[in-house]
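Structure, as structure tokens:
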Amino acid sequence: MAPATSAVPLLAAILAAVLVSSAAAAAGPPPNLPHQYSVDRSKTECGGGQGGTCGAYSSRFHFDWDSRASLEVMDLSPTTYKLQLGRPLHPVHLVYQWTGDGQDCTTTVASKQNPFHGEWDFVHLNTIKYNGAGKCPPPPPKPTPPPPPSESASDARDGDCVSWEGPWESEWTADAQVWIKEGEKLPTQLHMICSFLPFELFYTYANWNVGPLPGHLLQPPKFCPPAPGSTP
């Protein structure tokens, strides 16, 4: 006959699971953020800790997690295009970058240390924390030197937001936090803090268009060379 099993550990495990489940329910699940979209995205990078140097640029960002592809059209002079394409069964992806004149293009293979990620992967990790409702974040720090007057600041600080945060180890991020205005479903700002350097990254978002992307957006131009030693 098998020895009797104590019910105490089993009851304790059930109770712990109920408590965890109740806490998660009170906080609300992680947001179901889009994985196919186009959005105006402003990127600000700040290095050197408090009072460090910041740089910024704006782009129209097209993203499709289903096909592991993204296209960033950077509002620079000249306009710069950066297309990233994942490959089935491969941990790396191909990166194509060219400018608006349609002549120069570089094709590289991304490092295995930088796999293709969704913009919101961290919200599905077990360490995600719900911060509840509060004031939306202020705009990111201004670039150094400051941008021309035509660039408008984010209005994310107006009104109330809800936010989630947690580490993102595969992006070497000690903490990532995403804000969504109360009553809305799409992010207004993402903030990431590097885990090993005094470095911060901010994204602000506007003019969402959620859904599948036109296929031609995610195709490399014919004038781009093939990746060295690789088949897309």
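The values are calculated or read from the model by the stated rules, or taken from the named source; none is laboratory data. Keep in mind the model is a prediction, meaning the values are calculated, not measured. Positions of Cβ are generated from backbone atoms using ideal geometry, with glycine treated the same way; all protein chains shown enter the neighbour counts. Protein only, heavy atoms only, side chains kept; ligands, DNA and RNA dropped before computing areas. Shrake-Rupley method; radii C 1.70, N 1.55, O 1.52, S 1.80 Å.
Overview of results
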{"quantity": "Length released on extending from Asn209 to His117, taking residue separation times 0.36 nm less the Cα-Cα span", "calculated": "31.2 nm"}
{"quantity": "Per-residue SASA entry for Thr127, accessible area with 1.4 Å probe, Å² rounded to 10", "calculated": "80"}
{"quantity": "Proximal charge balance of Gln84 [Cβ under 9 Å; K/R count +1, D/E count -1]", "calculated": "+1"}
{"quantity": "Summed residue charge, Cβ within 12 Å of Leu71's Cβ, Lys/Arg positive, Asp/Glu negative", "calculated": "+1"}
{"quantity": "Karplus (6.51, -1.76, 1.60) ³J(HN,Hα), θ = phi - 60°, over segment 192-206, in Hz, Gly and Pro reported as x", "calculated": "10, 10, 5, 8, 9, 9, x, 9, 10, 9, 10, 10, 10, 10, 7"}
{"quantity": "Order of exposure, largest accessible area first, which applies to Phe61, Phe223 with probe 1.4 Å", "calculated": "Phe223, Phe61"}
{"quantity": "Positive minus negative residues near Leu190 (Lys, Arg vs Asp, Glu; Cβ under 12 Å)", "calculated": "-4"}
{"quantity": "Mean Cα-pair separation over length for segment 167-232, i.e. relative contact order, pairs under 8 Å, 6 or more apart, %", "calculated": "19"}
{"quantity": "Per-pair calculated FRET efficiency, R0 = 41 Å: Thr79 and Phe196 via Cβ, rounded to 0.05", "calculated": "0.80"}
{"quantity": "Computed label-point distance, nm, for sites Gln219 and Gln36 using a 7 Å Cα→Cβ extension", "calculated": "1.8"}
